[in-house]
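Worksheet: one structure, shown below.
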Amino acid sequence: MTTAQHKIGSGFGATSTADDVLRGVDLTGRLALVTGGYSGLGLETTRALTGAGAHVVVPARRRATAEEALAGVTGVEVDELDLGDLESVRSFADRFLASGRTVDIVINSAGIMACPETRVGPGWEAQFATNHLGHFALVNRLWPAIAAGGARVVSVSSRAHHFSGMRWDDVQWTSGYDKWQAYGQAKTANVLFAVHLDRLARDAGVRAFSLHPGGILTPLQRHIPKEEMIERGWIDADGDILNPQGFKTPEQGAATQVWAATSPQLDGLGGVYLEDCDVAEIAPPDDSTTNGVKQWAIDPDQAARLWELSAQLTGVNAFAA
């Protein structure tokens with residue numbers, strides 16, 4: 001099987017920053033939507049995009065917190081959105097569509113990681129619901145504005161997708177909950193979402209990408225006990241960051257999603273998984289220690305199956321016949 005899942009030699013790498021990949025790029029007049037754009041990598045992404053001239057809409061579950069974090073950043077507007085609440089997603093999308101604007105960039109950066117077993121909506125597992133289903137519903141509801149803008153849609157996944165493929169027999173973890181495998185499934189879903197969205201949307205001029213931003217310590221780790229982070233070698237007993245795994249800075253961590261959203265090097269491509277500001281290679285099937293993307297996360301049949309399941313669960317499908 002031929003695949004576009006190979007490095008293209010972008011000239012950037014793991015230490016490149018968001019500002020590096022935007023050097024010489026003018027986003028004046030472009031509108032970007034960045035979920036989670038007020039914390040961690042999302043905040044750095046918002047800063048970089050506005051610095052290049054874009055207007056950035058930041059939908060936020062904690063609106064007051066977002067407004068405080070983004071104070072002083074010009075070219076930003078904040079609205080309310082809880083990805084774990086489909087009614088909130090609908091309300092946000094309705095408000096945006098009523099404005100009559102088009103979207104040039106969507107970066108689905110918000111997420112939760114390794115949280116205790118939590119249920120949202122009709123009893124859905126929170127990581128799958130928030131990281132995947134909320135973004136699925138958001139993009140489908142915003143489709144008229146996304147299609148009109150010929151947008152790029154960027155799905156922020158993680159190398160944690162290596163932890164688990166889709167658990168088709170128990171997607172919602174009704175038994176045997178494991179916080180890391182549940183996170184892994186949600187991150188696999190992020191990749192599969194981009195694969196199928198690209199397949200459906202490319203004729204409309206919309207392309208989709210997924211990516212691993214790299215290892216970065218941000219507020220995403222809020223659910224992980226300090227003792228566990230010490231055991232994993234991320235921090236020492238004083239809480240200082242250790243660097244045996246090559247943690248990136250937030251500016252470096254934001255680079256791949258900004259590159260995915262804006263780089264002309266990706267023109268004509270789509271549906272591929274990126275890392276370190278380049279297209280990733282396919283990872284070996286039995287090795288959980290390497291970079292790259294697992295075959296299960298880019299399988300077109302699994303991507304189509306997940307799309308249909310997501311449409312059934314959310315009641316939204318912009319591409320329904």
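Taking the stretch 283-321 as the range and being touching a strand residue (DSSP E or B) at 6+ places or on another chain (Cβ under 8 Å), surrounded by fewer than 20 Cβ atoms within 10 Å (Cβ to Cβ) and not in a loop (DSSP other than H, G, I, E, B) as the test, only 295 passes. The residue that is modelled with the highest pLDDT, among those in the stretch 103-119 that are of a type in the set (Val, Ile, Thr) and part of a loop (DSSP other than H, G, I, E, B), is 103. The residues in the stretch 175-191 that are among the polar types (S, T, N, Q) and more than 17 Å from residue 310 (Cα to Cα) can be counted, and the count is 2. Within the stretch 258-276, the set of residues being of a type in the set (D, E, K, R) and within 21 Å of residue 47 (Cα to Cα) comprises 275, 276. In this structure, residue 77 qualifies as surrounded by fewer than 23 Cβ atoms within 10 Å (Cβ to Cβ) and touching a strand residue (DSSP E or B) at 6+ places or on another chain (Cβ under 7 Å).
For every residue, the table says whether it meets (1) modelled with pLDDT under 95; (2) of a type outside the set (Ser, Thr, Tyr); (3) assigned to a strand (DSSP E or B); (4) surrounded by 15 or more Cβ atoms within 10 Å (Cβ to Cβ).
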position	(1), (2), (3), (4)
2	yes, no, no, no
8	no, yes, no, no
12	no, yes, no, yes
16	no, no, no, yes
20	no, yes, no, yes
27	no, yes, no, yes
34	no, yes, yes, yes
37	no, yes, no, yes
41	yes, yes, no, yes
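Filtered by the rule that a residue be at pLDDT 95 or above, outside any helix (DSSP H, G or I), surrounded by fewer than 19 Cβ atoms within 10 Å (Cβ to Cβ) and not polar (S, T, N, Q), the stretch 56-74 gives 71, 73.
The values are calculated or read from the model by the stated rules, or taken from the named source; none is laboratory data. On a predicted model such as this, the values are computed, not experimentally measured, just so you know. In this analysis, Cβ positions are derived from the backbone assuming ideal geometry, glycine residues included, and neighbour counts consider all displayed protein chains.
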